[in-house]
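Notes follow the structure.
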Amino acid sequence: MILRRAACIATAAALLCSPVFAASPTAIPDLSAGGAAWRNTHNDFILPKTGAGPVTWDPVHPYFGNGDGQPPTSRVADLNNPILQPWVKEVLQKLNADALAGKPQFTPIARCWPNGVPGAILLRLNPMFIAQTPKKVTFLYQSDHQVRHIYMNVPHSEDVAPSWYGESVGHYEGDTLVVDTIGITTKAAADYYLTPHTDKLHIVERYRLVDEGKTLEVTFTVDDPGAFTMPWSASQRYQKMAQTMEEVACAEGEAFAPIQDPQQALYPIPSAAAPDF
């Protein structure tokens, strides 16, 4: 297992340090920023200025995370958001009841599960690295070695098997990387309120550099007629950091600080009955 992780990190480092492929600087942005790290700036998705937005906290029960200057609180979803189909509202209502009853609430990554899309946009404590080649853009998340592959200038497959990160295809529009994703497994929640979705979830993200390259901005639209009454949008911003990739093994860290509570059954730590190598 250790050898396998070491090989993964070595491969990632090689990609990040490889020369940028030949292209017009005005046509293709260098999102890799020379191997820099990108760390997001918000605990939740940033709400759009107009139009339908994502699930966020109930105004009566505001959310505060670690480092927000207030004692941390559990996430209680705003059930008045008009995007919610009735069955989705019922799921969130049960989760809200648990939170208000004081039962521990876990985000997927806190229990060592992949975040999926758009959930990966919420990964905050550990940064993201980007590797670009003409045929593929790779998002390398320091959190538990999660990797997302974006295949460039190709259509979606005719049949996409559901997976944690689905199938992402992309192209450039001027200074913006546009990513179209389908095939997200329903095991992955749409956000940290654990908002569910169906297998028809469709996400379109747009990444571009702002603030003279110091900030990476992503705006995205989510569409799933089985879970949401309308498409909704949100954004996130990442700050550029001079940091190298480190190894972060979630399950190994859990061994030093285990969470002993019946509610951990919501997200038990992934395990395998047999080796996968």
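The values are calculated or read from the model by the stated rules, or taken from the named source; none is laboratory data. Please read all numbers here as calculations on a predicted model, not as lab measurements. Reconstructed Cβ throughout: ideal geometry from the backbone, glycine too, with neighbour counts over all protein chains shown.
Quick check on segment 176-187. Is at least one of its residues touching a Lys or Arg at 6+ places or on another chain (Cβ under 6 Å) and buried (at least 21 other Cβ atoms within 10 Å of the Cβ)? Within segment 176-187, not a single residue is touching a Lys or Arg at 6+ places or on another chain (Cβ under 6 Å) and buried (at least 21 other Cβ atoms within 10 Å of the Cβ). Consider segment 14-46 and keep the residues that are part of a loop (DSSP other than H, G, I, E, B) and touching a Pro at 6+ places or on another chain (Cβ under 7 Å). The one that is modelled with the highest pLDDT is Phe45.
Scanning segment 39-57 for residues that are more than 16 Å from the chain's Cα centre (by Cα) and of a type in the set (D, E, K, R) yields one hit, Lys49.
Quick one: in segment 193-208, of everything that is among the hydroxyl-bearing types (Ser, Thr, Tyr) and not in a strand (DSSP E or B), which residue is surrounded by the most Cβ atoms within 10 Å (Cβ to Cβ)? Residue satisfying both the conditions and the ranking: Tyr193. Considering only residues in segment 110-125 that are under 19 Å from Ala37 (Cα atoms) and modelled with pLDDT under 85, the one that is surrounded by the fewest Cβ atoms within 10 Å (Cβ to Cβ) turns out to be Leu125. No other residue among Val76, Val88 is under 21 Å from the mean Cα position of the chain (by Cα), closer than 26 Å to Gln146 by Cβ and modelled with pLDDT of 95 or more apart from Val88.
The set of residues from segment 71-84 being in contact (Cβ under 8 Å) with a residue 40 or more places away in the chain and surrounded by fewer than 17 Cβ atoms within 10 Å (Cβ to Cβ) comprises just one member, Pro82.
Would you mind telling me which numbered condition in (1) at pLDDT 95 or above; (2) under 27 Å from Ile28 (Cβ atoms) Gln146 fails? It is condition (1) that Gln146 fails.
Of Pro270, Pro231, Pro262, all but one fail to be out of contact with any Ser or Thr (no Cβ under 7 Å at 6 or more places or on another chain), surrounded by fewer than 17 Cβ atoms within 10 Å (Cβ to Cβ) and either within 25 Å of Gln142 (Cβ to Cβ) or at pLDDT 75 or above (or both); the exception is Pro270. Scanning segment 165-192 for residues being part of a loop (DSSP other than H, G, I, E, B) and either of a type in the set (Asp, Glu) or on the phi > 0 side of the Ramachandran plot (or both) gives a total of 5. The strands (runs of 3 or more DSSP E) found entirely in segment 86-164 that carry 2 or more residues being out of contact with any helix residue (DSSP H, G or I) (no Cβ under 9 Å at 6 or more places or on another chain) are 136-141, 146-152. For the structure I just gave you, tell me whether Lys136 is free of Cβ contacts under 8 Å to residues at least 24 places away in the same chain, under 30 Å from Pro29 (Cβ atoms), surrounded by fewer than 20 Cβ atoms within 10 Å (Cβ to Cβ) and within 20 Å of the chain's Cα centre (by Cα). Judged against the criteria, Lys136 is a match.
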